[in-house]
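*Asks:* Mind looking over this structure? Questions follow.
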Amino acid sequence: MSTPKTWFVTGASQGLGLALVKRLLREGHQVAATSRTTEALAQAVGTPSAAFLPLQVDLGSDASVQAAIAQTISTFGRLDVVVNNAGYGIGGSIEELTDAETRAAFEVNVFGTLNVCRQALPQLRRQGAGHIINISSIAALAGATGWAVYSATKAGLATLSRSLAGMPWPLSLIVTRACAPDRSKETSIWVPAGQCRIAFSSRLA
C-alpha cells in the first residue's frame, strides 16, 4: 500500500464521492468528507472509524469551508489531497431557470471549488506539497442543449483548474481537472497521460 495520506473530499454522500471515500478508507488513508448533512454521510459510509471525519459544510460559505479545512488539519495534522467533487446539476432553458437557481449552480460548481482551494492552499504551501483534483464534466468541453447553465459552470471550473495548474507555485503542487472516464479517451483528463505531469504540475525548488 502507498503511504497513507490525508484527503479532503467534497460531495461525499453519494455517487463518485462516496465510492472514493470508501475506497480510500479501505486502503488506510485518513479522509475528511463533506456533505450538507453529516447524518446521511455517516450512514452512507457505514462503520465509524478514527480515520473518517464527516463534515457538514456549506461550500458557498467561505467561513464554513475555512472551518472544515481547519478541523481537518486539527484532527489529522496535515492535508495532502483535495478533491472538489461536489456538483450541482441543473437543466432547463435559460428563460426557465430563475436567478436563484442559476446562482445556486455557480455557488457549488465554481465558488465552492474556489473557496476550498483558497482555504486549502495555505496548508499545502506550509507542507511544500499537495494535490488538488477538480471533478468537471464533458459538458465543459461541449455544451448540450438545455444545459447551458450547467455547462457554463463546468467550463468555468475547467478554466480555473488550468489557471491554477499554470501558476508558479513555490511548492510541489499538482492540479488535475478530471471528467467522466467513460466519456474520455484521455484517462479522464484533457491531455494524454504521458503529458499529465507537464500540463498539471508546477515544481519549483
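The values are calculated or read from the model by the stated rules, or taken from the named source; none is laboratory data. Because the structure is predicted, anything quoted here is derived from the model rather than measured. Don't worry about glycine lacking a Cβ; one is built from the backbone with ideal geometry, like all the others, and counts go over all protein chains shown.
*Asks:* Filter the strands (runs of 3 or more DSSP E) completely within region 1-85 down to those with at least 3 residues that are touching a residue at least 60 places away in the same chain (Cβ under 8 Å).
*Replies:* In region 1-85, the matching strands (runs of 3 or more DSSP E) lie at 6-9, 81-84.
*Asks:* Out of curiosity, is Leu97 touching a strand residue (DSSP E or B) at 6+ places or on another chain (Cβ under 6 Å), assigned to a loop (DSSP other than H, G, I, E, B) and over 14 Å from Ser13 (Cβ atoms)?
*Replies:* Against the criterion (touching a strand residue (DSSP E or B) at 6+ places or on another chain (Cβ under 6 Å), assigned to a loop (DSSP other than H, G, I, E, B) and over 14 Å from Ser13 (Cβ atoms)), Leu97 does not qualify.
Conditions tested, residue by residue: (1) of a type in the set (A, V, I, L, M, F, W, C); (2) touching a Gly at 6+ places or on another chain (Cβ under 6 Å); (3) more than 18 Å from Leu157 (Cα to Cα).
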site	(1), (2), (3)
Gln56	no, no, yes
Ser64	no, no, yes
Tyr88	no, no, no
Phe106	yes, no, no
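*Asks:* Restricting attention to region 86-113, report how many residues are without any contact (Cβ under 8 Å) to a residue 12 or more places away in the chain and among the small types (Gly, Ala, Ser).
*Replies:* 1
*Asks:* Test each condition in (1) in contact with a Pro (Cβ under 8 Å, 6 or more places away or on another chain); (2) surrounded by fewer than 20 Cβ atoms within 10 Å (Cβ to Cβ); (3) not polar (S, T, N, Q) for Arg36 and report the one that comes out false.
*Replies:* Tallying (1) in contact with a Pro (Cβ under 8 Å, 6 or more places away or on another chain); (2) surrounded by fewer than 20 Cβ atoms within 10 Å (Cβ to Cβ); (3) not polar (S, T, N, Q), Arg36 fails exactly one: (1).
Okay, residues lined up against (1) within 18 Å of Leu16 (Cα to Cα); (2) surrounded by fewer than 14 Cβ atoms within 10 Å (Cβ to Cβ); (3) at pLDDT below 85:
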{"residue": "Ala70", "(1), (2), (3)": "no, yes, no"}
{"residue": "Glu95", "(1), (2), (3)": "no, yes, yes"}
{"residue": "Thr98", "(1), (2), (3)": "no, yes, no"}
{"residue": "Asn115", "(1), (2), (3)": "no, no, no"}
{"residue": "Leu121", "(1), (2), (3)": "no, no, no"}
{"residue": "Gly130", "(1), (2), (3)": "no, no, no"}
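*Asks:* Next question, about the same structure. Answer yes or no as to whether Gly91 is out of contact with any Ser or Thr (no Cβ under 6 Å at 6 or more places or on another chain), on the phi > 0 side of the Ramachandran plot and not β-branched (Val, Ile, Thr).
*Replies:* Answer is no for this residue.
*Asks:* While we're looking at this one, here's another question. Among the residues of region 1-29, write down those that are surrounded by 14 or more Cβ atoms within 10 Å (Cβ to Cβ) and in contact with a helix residue (DSSP H, G or I) (Cβ under 7 Å, 6 or more places away or on another chain).
*Replies:* Thr6, Trp7, Phe8, Val9, Thr10, Gly11, Ala12, Ser13, Leu18, Val21, Lys22
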